[in-house]
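Trainee: Below are the structure tokens for one structure; questions will follow.
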Amino acid sequence: MASWVSTLLDSAIGRWCGVPQAAALLRPAGESQCFKGTVLVCGKASEHSVLLRQHLSCLPDVAFVEGADTPLQAIIFDGTELQSTTELDLLWQQLHNLLPRLDINGRLILLARTLADASNADAAAASAALSGFTRSIAKELGRFGSTANLLSLDYGVQQSLVPVAEFFLSKASAYITGQVVPVRRARVKISEWQKPLQGKTALVTGAARGIGAAIAKTLTEQGATVIGLDIPQAEHALVALMQQLEGKPLLLDISQANSAEIISDWLTQQGIKLDILVHNAGITRDKLFHRMTEAQWTQTLEINLRAVQRINAFLLERQQIQQNGRVVLLSSMNGLAGQKGQTNYASSKAALVGYCQFMATQDHRGITFNAIAPGFIETQMTAAMPAIPREVGRRLNSLHQAGLPEDVAQAVAFFARPDAAGLNGSVLRVCGQCFIGA
Ligand code: NAD
């Protein structure tokens with residue numbers, strides 16, 4: 001429900017005072033998430049833009065346009081062949097006239113090579129410039145509800161680029177902007193956009209409410225069978241949701257020392273191996289560090305971090321996560337940026353990033369590990385904040401609004417897709433390009 005502060009800021013008085021107003025974001029709403037609309041591909045043509053063009057032209061509602069004045073739903077700028085800083089002028093020469101044609105809720109996707117693949121210092125500088133450009137233009141496009149993201153491609157990336165580009169073109173990425181997303185080489189078979197998770201089994205912790213409930217719903221909509229885990233006190237909400245989704249409830253406090261063993265034994269009894277494991281359960285116990293009790297510190301680290309490590313270790317050891325499975329961890333923007341009163345929470349959420357990035361470097365039978373760092377998302381966790389910091393938290397991003405649990409859920413479902421193998425060790429911020437943060 002809107003507070004008096006948000007009503008005031010959204011009123012004529014707020015507009016008169018120059019408070020930036022948010023554009024309504026178009027979200028998937030249960031329909032196919034496939035991108036529809038007009039696309040213009042520019043930059044310096046390479047095998048990457050050729051591949052994307054080939055793939056997108058097979059989609060039913062996509063039209064490629066050149067020149068002319070047609071409004072554009074998406075622009076793809078291929079910067080992978082930019083070899084020197086003088087070629088950066090292409091950004092101005094091409095995008096300066098094109099961006100005004102980008103529709104409300106439009107998409108700008110830039111492609112670059114990773115810095116590690118640059119052949120000389122000039123090429124490295126040109127590649128890095130694209131990230132500065134993307135982050136800045138995202139701040140300019142945000143007031144139209146449009147997004148700009150940069151896909152940073154490893155040498156030899158081919159098919160694994162396609163699903164990533166499609167996701168950033170689609171409505172499913174409505175609250176993700178200003179991001180640099182590394183895409184790795186991987187052998188992938190492109191999944192169907194309708195129910196890409198068909199036949200998969202997912203365990204979601206903290207599924208009774210908020211972001212976890214949205215993740216459970218979205219994974220189910222996309223074809224997965226969901227096991228929802230939550231604390232015994234959340235039984236009523238969890239059981240009701242699992243009945244609605246035809247999933248299975250698992251009541252357990254993951255901070256129990258033997259929680260990993262209990263989950264593992266339960267899976268064995270049910271004859272289930274997981275394809276997708278989403279570590280969403282998390283708590284805040286905010287206090288300035290000098291006032292923080294030991295219990296507030298340890299409980300936060302136990303639930304947000306150590307339980308995750310224990311559960312993964314146990315399930316990996318017993319091979320209860322399938323080959324090419326997907327593990328998704330819920331970090332937080334406050335873990336990346338730090339937050340007063342959240343030394344415990346930020347330590348746990350930053351630790352998840354380090355843990356995820358290390359796990360991605362190890363050979364785990366094709367299982368990928370990715371993290372999502374939500375910014376300000378409308379849930380009971382953020383509803384508990386005082387009105388003014390809550391309003392500031394909502395608006396301090398390029399899209400001038402809070403995200404919804406569904407925005408995070410869409411990102412989780414994307415990482416969970418079989419063809420998202422090119423993403424491993426990524427940290428994706430679902431934050432509308434929060435102004436605070438690393
Ligand atoms: P929430 O408090 O609304 O829901 C968290 C769920 O986790 C609850 O259902 C709760 O019962 C469950 N849970 C807590 N402790 C548990 C335990 N010991 N064992 C099993 N389940 C447990 O929170 P939310 O806002 O939906 O956040 C979900 C995740 O996203 C958390 O990890 C949170 O840190 C992260 N996150 C949220 C935001 C936001 O703006 N809401 C921002 C950044 C990160």
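The values are calculated or read from the model by the stated rules, or taken from the named source; none is laboratory data. Fair warning: this is a prediction, and the values are worked out from it, not measured in the lab. Don't worry about glycine lacking a Cβ; one is built from the backbone with ideal geometry, like all the others, and counts go over all protein chains shown. Note: accessible area is taken over every heavy atom of the protein model, side chains too, but ligands, DNA and RNA are not part of it. Shrake-Rupley method; radii C 1.70, N 1.55, O 1.52, S 1.80 Å.
Trainee: Only one of (1) within 16 Å of the ligand (Cβ to nearest atom); (2) under 18 Å from the mean Cα position of the chain (by Cα); (3) open to solvent by 10 Å² or more (accessible area, probe 1.4 Å) fails for A208. Which number is that?
Mentor: (2)
Trainee: Tell me which residues, restricted to segment 382-416, are out of contact with any strand residue (DSSP E or B) (no Cβ under 8 Å at 6 or more places or on another chain), among the charged types (D, E, K, R) and modelled with pLDDT of 95 or more.
Mentor: E406, the sole residue that qualifies.
Trainee: Across segment 181-192, which residue is farthest from D275 (Cα to Cα) among those that are touching a residue at least 24 places away in the same chain (Cβ under 8 Å) and surrounded by fewer than 17 Cβ atoms within 10 Å (Cβ to Cβ)?
Mentor: Among those that are touching a residue at least 24 places away in the same chain (Cβ under 8 Å) and surrounded by fewer than 17 Cβ atoms within 10 Å (Cβ to Cβ), it is R185.
Trainee: Can you find a residue that is touching a Ser or Thr at 6+ places or on another chain (Cβ under 8 Å) and either crowded, with 16+ Cβ neighbours inside 10 Å or more than 14 Å from I311 (Cβ to Cβ) (or both) anywhere in segment 254-270?
Mentor: Within segment 254-270, one or more residues are touching a Ser or Thr at 6+ places or on another chain (Cβ under 8 Å) and either crowded, with 16+ Cβ neighbours inside 10 Å or more than 14 Å from I311 (Cβ to Cβ) (or both).
Trainee: Right, R326: open to solvent by less than 20 Å² (accessible area, probe 1.4 Å) and either closer than 30 Å to G393 by Cα or in a strand (DSSP E or B) (or both) or not?
Mentor: yes
Trainee: Another question about this same structure. Is it fair to say S331 is near the ligand (Cβ under 10 Å from one of its atoms), buried (at least 17 other Cβ atoms within 10 Å of the Cβ) and over 24 Å from the mean Cα position of the chain (by Cα)? Please lay out each step first, then the result.
Mentor: Working: near the ligand (Cβ under 10 Å from one of its atoms): yes; buried (at least 17 other Cβ atoms within 10 Å of the Cβ): yes; over 24 Å from the mean Cα position of the chain (by Cα): no.
Taking the combined requirement at face value, the residue does not satisfy it.
Trainee: Oh, and also: For A373, indicate whether it is closer than 22 Å to A202 by Cβ and either of a type in the set (V, I, T) or outside any helix (DSSP H, G or I) (or both).
Mentor: yes
Trainee: Right, next: Do we find that A387 is surrounded by fewer than 20 Cβ atoms within 10 Å (Cβ to Cβ), more than 12 Å from the ligand (Cβ to nearest atom) and among the aliphatic types (A, V, I, L, M) in this structure? Step through it out loud before you land on a result.
Mentor: Numbers: surrounded by fewer than 20 Cβ atoms within 10 Å (Cβ to Cβ): yes; more than 12 Å from the ligand (Cβ to nearest atom): yes; among the aliphatic types (A, V, I, L, M): yes.
Spelling it out, A387 is indeed surrounded by fewer than 20 Cβ atoms within 10 Å (Cβ to Cβ), more than 12 Å from the ligand (Cβ to nearest atom) and among the aliphatic types (A, V, I, L, M).
Trainee: Checking S119 against (1) in a loop (DSSP other than H, G, I, E, B); (2) within 30 Å of Q244 (Cα to Cα), which single condition isn't satisfied?
Mentor: (2)
Trainee: Restricting the search to segment 276-316, which residues are open to solvent by less than 60 Å² (accessible area, probe 1.4 Å), part of a loop (DSSP other than H, G, I, E, B) and within 15 Å of the ligand (Cβ to nearest atom)?
Mentor: Listed by number, the residues that qualify are N280, A281, G282, I283, T284.
Trainee: So, one more: Consider only pairs whose beta carbons are under 9 Å apart and that are at least six residues apart or on different chains; among these, list those whose first residue lies in segment 237-259 and is closer than 14 Å to V204 by Cα and assigned to a loop (DSSP other than H, G, I, E, B) and whose second residue is open to solvent by 70 Å² or more (accessible area, probe 1.4 Å) and within 8 Å of the ligand (Cβ to nearest atom).
Mentor: D253/Q233
Trainee: Hey, among the residues in segment 211-236 that are closer than 18 Å to R326 by Cα and part of a loop (DSSP other than H, G, I, E, B), which one's farthest from the ligand (Cβ to nearest atom)?
Mentor: Checking each candidate, the answer is G223.
Trainee: Ok, one more. Find all pairs meeting these conditions: Cβ atoms under 9 angstrom apart; at least six residues apart or on different chains; first residue within segment 2-30 and of a type in the set (F, W, Y); second residue loosely packed, with under 12 Cβ neighbours inside 10 Å.
Mentor: Correct list of pairs: W4/A387.
Trainee: Can you pull out the residues in segment 128-144 that are crowded, with 23+ Cβ neighbours inside 10 Å and not aliphatic (A, V, I, L, M)?
Mentor: Of everything in segment 128-144, those that are crowded, with 23+ Cβ neighbours inside 10 Å and not aliphatic (A, V, I, L, M) turn out to be T134, G142.
Trainee: Let me ask you something else. Go through A346, A438, A350, A360 for me and flag whichever is open to solvent by 10 Å² or more (accessible area, probe 1.4 Å) and modelled with pLDDT under 95.
Mentor: Testing whether each residue is open to solvent by 10 Å² or more (accessible area, probe 1.4 Å) and modelled with pLDDT under 95 leaves just A438.
Trainee: Given the conditions (1) near the ligand (Cβ under 10 Å from one of its atoms); (2) among the polar types (S, T, N, Q); (3) not assigned by TED's automatic domain parsing to the domain that holds A384, which single one is not true for Q194?
Mentor: All conditions pass for Q194, except number (1).
Trainee: Does S264 meet the test of being of a type in the set (S, T, Y), in contact with a helix residue (DSSP H, G or I) (Cβ under 7 Å, 6 or more places away or on another chain) and not in a loop (DSSP other than H, G, I, E, B)?
Mentor: yes
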